[in-house]
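Q: What follows is a single structure, and I will ask about it in a moment.
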Amino acid sequence: MVTDCTYCGSDIYEHEPVFIAEFESGARVQDKQFCNYACLAAYIEEEGLTEGSLCKIDL
Ligand SMILES: [Zn+2]
């Protein structure tokens with residue numbers, strides 16, 4: 001099993017790991033892992049993963 005941070009490549013178990021799972025073909029698939037929320041947030045920011053994809057907007 002991969003233990004390298006998707007964002008920075010460090011060993012996630014030396015930090016406080018966070019895991020991301022995606023839903024594919026009816027199953028939950030672990031896709032990415034990060035040292036902590038900071039690496040996750042940086043990754044999301046760099047990849048632009050949140051742009052225009054908010055499922056609910058409260059005005
Ligand atoms: Zn990291």
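Q: Failed condition for Leu49, given (1) in contact with a Cys (Cβ under 9 Å, 6 or more places away or on another chain); (2) exposed (fewer than 12 other Cβ atoms within 10 Å of the Cβ); (3) of a type in the set (A, V, I, L, M), with all others met?
A: All conditions are met except number (1).
Q: Filter the range 1-34 down to residues that are among the small types (Gly, Ala, Ser) and more than 13 Å from the ligand (Cβ to nearest atom) and give me whichever is surrounded by the most Cβ atoms within 10 Å (Cβ to Cβ).
A: Within the range 1-34, the subset among the small types (Gly, Ala, Ser) is 9-10, 21, 25-27.
If we keep only those that are more than 13 Å from the ligand (Cβ to nearest atom) as well, we get 21, 25-27.
On the way: Ala21: 12, Ser25: 5, Gly26: 5, Ala27: 8.
Only one residue tops the list, namely Ala21.
Where a number appears in this text, it was derived from the coordinates with a stated rule and is not lab data. Please read these numbers as outputs of a predicted model, since none were measured by experiment. Please note: Cβ atoms are built from the backbone with ideal geometry, for glycine as well, and neighbour counts cover all protein chains shown.
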